[in-house]
Amino acid sequence: MNARGWLGFASLVATAAVLASGCTTARSTGTVEFRATDAPPTGISSIVVTTRNIQIHKADAPEDSWTTVVSQERTFDLVAIQGAEAFLGSENVSSGNYTQIRLDVARVIVTLDGKDITAKLPSDKLKVVGPWEVKAGEKTILTLDFEADKFVVITGNGAVEVKPVLKLDVYHGDRPLKTR
């Protein structure tokens, strides 16, 4: 598994934004927001990804301790959001250093030359490993950039496989959702 990406879900750039609220409690919190985007490989007109759960892992937390940011099922087409972003969800979280993002992938449907094909996934979890920080009182946007041309692999017999190729872009501050 590549630390830079996990299943470059053909066009999925999920952005996670963390908005620190600046509360006067003992722990500062922020909001995590996820978005997605990318471009498809040749011959593919649609890559519909359905996720069930998006979680993050804090650097100083036990390995089995994950914070759920998006619990609802989300479906998005990586081709449709090429050059743009899809909002996946957000949540208030503790400020501090984080090391991982984990997405539960329910299914990926790829339209190749007009035919819908269910892609084979190596796992139902997509994991991005790398450091990022949620700053108190500041929004942090995390964008998961799926490299579609590497993410979707068409086999010799016409089957479709998903390979983990994804990078994380971190932006501190606020900015509008990218649209076409």
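Return the residues of region 41-73 that are surrounded by fewer than 12 Cβ atoms within 10 Å (Cβ to Cβ), over 17 Å from the mean Cα position of the chain (by Cα), modelled with pLDDT of 90 or more and not charged (D, E, K, R); say none if nothing qualifies.
Pro62, Ser65
Is region 133-151 home to any residue that is closer than 26 Å to Asp60 by Cα, surrounded by fewer than 17 Cβ atoms within 10 Å (Cβ to Cβ) and among the polar types (S, T, N, Q)?
No, region 133-151 contains no residue that is closer than 26 Å to Asp60 by Cα, surrounded by fewer than 17 Cβ atoms within 10 Å (Cβ to Cβ) and among the polar types (S, T, N, Q).
Just to verify a result, which residue in region 151-175, among those that are of a type in the set (Asp, Glu) and in contact with a Lys or Arg (Cβ under 8 Å, 6 or more places away or on another chain), is nearest to Leu103 (Cα to Cα)?
Only one residue fits best here, namely Glu161.
Taking Ala136 and the conditions (1) part of a strand (DSSP E or B); (2) at pLDDT 90 or above, which numbered condition does it fall short on, given that it satisfies the others?
(1)
Being closer than 28 Å to Ser45 by Cα, under 17 Å from the mean Cα position of the chain (by Cα) and of a type outside the set (A, V, I, L, M) is true for just one of Asp113, Asp145. Which residue is that?
None of the others qualify; the one that does is Asp145.
Could you list, in sequence order, the residues of region 139-153 that are in a strand (DSSP E or B) and in contact (Cβ under 8 Å) with a residue 40 or more places away in the chain?
Result: Lys139, Thr140, Ile141, Leu142, Thr143, Leu144, Asp145, Phe146, Val152.
What are the residues in region 164-180 that are modelled with pLDDT of 85 or more and either within 14 Å of Ala36 (Cβ to Cβ) or touching a strand residue (DSSP E or B) at 6+ places or on another chain (Cβ under 9 Å) (or both), if any?
Matches in region 164-180: Leu168, Asp169, Val170, Tyr171, His172, Gly173, Asp174, Arg175, Leu177, Lys178.
The values are calculated or read from the model by the stated rules, or taken from the named source; none is laboratory data. Model, not experiment: these values are computed from the prediction. Note that each Cβ is placed from the backbone with ideal geometry, even for glycine, and that neighbours are counted across all protein chains shown.
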